[in-house]
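The values are calculated or read from the model by the stated rules, or taken from the named source; none is laboratory data. The structure presented is a predicted model; accordingly, all values stated were derived computationally and were not measured. All Cβ positions, even for glycine, are placed from backbone atoms using ideal geometry, and neighbour counts span all protein chains on display.
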Amino acid sequence: MGIKKLIHGVSPTMINVLNIVNKVAATDANVLITGENGTGKELIALEIHNLSKRAGEMMVSVDVGSITETLFESELFGHVKGAFTDAREDRKGKFELASNGTLFLDEIGNLPLQSQSKLLNALQGRKIVRVGSNREIPVDIRLVCATNCDLPAMVSEGRFREDLLYRINTIIIDVPPLRDRVDDIPILANFFLKEFCRKYDREPKKINTHAFEKLANYDWPGNVRELQHSIEKAVIMSDSTVLLPSDFEFRAPSRSLHQQEFTLEEIELKAIRDCLKRHGNNLSVVAATLGITRQTLYNKLKKLNGR
């Protein structure tokens, strides 16, 4: 499926994300991508890589949260033959494989403190040492990390190193949840619909107006990934060329239409509250995330404080 189409959006929050991606891609600045599960953080990372000067090289993805602490150094830094029982040959780690390209560290908030220290040393020196060796190997990587955790809160709790956080978050890109970008649902739904009809050799289908209303009024706790699975299931199960509301079953209650009847100002203030909470009241980051100036944010906060 096309990356650009999957992360395309017409909602203001997604347009702001894509603007940031376009600005930072040409640089080698470290990027931290935050957001809930299923929002497409890895796709954003891949788009940054594809738009960068390193696009002709590899982007190596690592789910650091799934690596056991005992294997962390071997996975990221490699090992030499005989370094441990199963080390039957020399092996490059992810840092070496990504050299001259992009290293994407997913779920970095799940990394144990001891491993965080080892990672920080490698990032500071841009050198690694394979397990069982004393030879330093220089590496040239573009670092992109992602997490669904509140890293500043983890720093306050002593669960994440502050110096590592500063090292990885030169630029922060906060990917909005699907419930905050309702305008993008028809675009994504139609894209998935076309792709799955082709994949499963089904005749072209459409989604009727009432079904679109149902999709728009659902909270999407699983975000874009859940929408993708919902469309896929509907394509497989429906015998009709028109998908109806009954073709979509959700694992959580939908919002009622009454709950959706907010004024534009109320929606805006709610977005500011949520963004302040996510970013620990950091006004500069909040303003950048919302795509407004600090002065505009100050003016809106005055209204917020008056409520």
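Table: residues versus (1) more than 17 Å from the chain's Cα centre (by Cα); (2) closer than 23 Å to Gly35 by Cα.
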residue	(1), (2)
Leu119	yes, yes
Gly132	yes, no
Arg142	no, yes
Asn148	no, yes
Val155	yes, yes
Leu164	yes, yes
Asp174	no, yes
Considering (1) surrounded by 16 or more Cβ atoms within 10 Å (Cβ to Cβ); (2) closer than 23 Å to Val17 by Cα, say which one Val182 fails and leave the rest. (1)
Conditions (1) farther than 26 Å from Ile185 by Cα; (2) surrounded by fewer than 18 Cβ atoms within 10 Å (Cβ to Cβ); (3) hydrophobic (A, V, I, L, M, F, W, C); (4) at pLDDT below 95; number of the one not met by Leu18: (1)
Criterion violated by Ile168 - all others in (1) in contact with a Cys (Cβ under 7 Å, 6 or more places away or on another chain); (2) closer than 18 Å to Ile15 by Cα satisfied: (2)
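For the structure I just gave you, tell me whether Tyr200 is farther than 18 Å from Ala146 by Cβ, of a type in the set (Ser, Thr, Tyr) and buried (at least 17 other Cβ atoms within 10 Å of the Cβ).
No.
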If we scan segment 288-296, do we find a residue that is within 28 Å of Phe196 (Cβ to Cβ) and either among the hydroxyl-bearing types (Ser, Thr, Tyr) or modelled with pLDDT under 85 (or both)? no
Of Ala29, Ala55, the only residue that is without any contact (Cβ under 8 Å) to a residue 24 or more places away in the chain, farther than 23 Å from Ser133 by Cα and of a type outside the set (S, T, N, Q) is Ala55
Please verify whether segment 128-139 includes one or more residues that are farther than 18 Å from Thr68 by Cα and touching a Ser or Thr at 6+ places or on another chain (Cβ under 6 Å). yes
Unmet criterion (only one of (1) of a type in the set (D, E, K, R); (2) exposed (fewer than 13 other Cβ atoms within 10 Å of the Cβ); (3) touching a strand residue (DSSP E or B) at 6+ places or on another chain (Cβ under 8 Å)) for Arg54: (2)
Residue within segment 256-275 that is in a strand (DSSP E or B), at pLDDT 75 or above and under 28 Å from the mean Cα position of the chain (by Cα) present: no
Report whether or not Ala146 is assigned by TED's automatic domain parsing to the domain that holds Thr39, at pLDDT 95 or above, farther than 30 Å from Thr13 by Cα and not aromatic (Phe, Trp, Tyr). no
Applying the selection to segment 99-130, what residues are surrounded by fewer than 20 Cβ atoms within 10 Å (Cβ to Cβ) and touching a Gly at 6+ places or on another chain (Cβ under 7 Å)? Glu107, Asn110
